[in-house]
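The structure appears below as structure tokens.
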Amino acid sequence: MEQENAAGARPVDERAGADWIREHLGVVLEPQGSLAAFDGRLVIDLDTRVVTVDGREVRLHRSDVRLLRGLIELGEETHAPDTIMWKVYGAPLHPHELRYPVAVLRAKLGEPGWIVRTEEGRYGLRPPELP
């Protein structure tokens with residue numbers, strides 16, 4: 001039997017709550033756990049949105065994590081800006097609107113080489129060489 005706290009509330013069964021939301025509202029919640037790339041050099045904890053780069057914790061805003069996650073999920077090849085925009089933001093934004101978020105993410109990752117841009121304007125996630 002579940003115990004109530006002083007306010008009379010019972011512990012929340014998160015799995016049951018997620019099932020209820022999915023069944024009654026048709027909403028699919030984001031997967032939980034972690035997402036790793038490049039043999040664990042880049043890891044996103046999807047529960048806490050904590051990002052680790054080469055063993056170093058990096059503080060990112062929610063939008064930065066969203067962009068990084070989209071780049072990881074798209075794979076290692078380079079992608080057209082509109083493909084990234086649809087994957088990350090679900091909208092056909094102008095390709096130039098991706099430049100600023102990518103520049104911010106590059107700076108926060110600590111090594112600009114993590115995100116490459118081709119001459120054709122395509123972006124890709126690549127691990128920089130280790131020292």
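The values are calculated or read from the model by the stated rules, or taken from the named source; none is laboratory data. If you're wondering where the values come from, they're calculated on a predicted model, not measured in any experiment. Surface accessibility is based on the protein's heavy atoms, side chains included, excluding ligands, DNA and RNA. Shrake-Rupley method; radii C 1.70, N 1.55, O 1.52, S 1.80 Å.
Placing Tyr89, Tyr100, Tyr123 in order of accessible area, with the largest value first and a 1.4 Å probe, yields Tyr100, Tyr89, Tyr123. With all protein chains in place and ligands, DNA and RNA left out, the 1.4 Å accessible area ranks Val88, Val104 as Val104, Val88, largest first.
Across Trp114, Trp86, the residue with the most accessible area heads the list, and the full order at a 1.4 Å probe is Trp86, Trp114. Residues whose amide H lies under 5 Å from that of Val50, counting only those 5 or more places away or on a different chain, are Asp45; hydrogens are built 1.01 Å from N in the peptide plane. When nucleic acids and ligands are ignored and a 1.4 Å probe is applied, Arg122 ends up with an accessible area of around 90 Å².
With 0.36 nm allotted per residue and the present C-alpha distance subtracted, the Asp39-Glu120 stretch has 26.4 nm of extension available. Backbone geometry of region 96-111 corresponds, through the Karplus equation with coefficients 6.51, -1.76 and 1.60 at θ = phi - 60°, to 3J(HN,Hα) couplings of 5, 6, 8, 4, 5, x, 5, 4, 5, 5, 4, 4, 6, 5, x, 9 Hz, x marking Gly and Pro.
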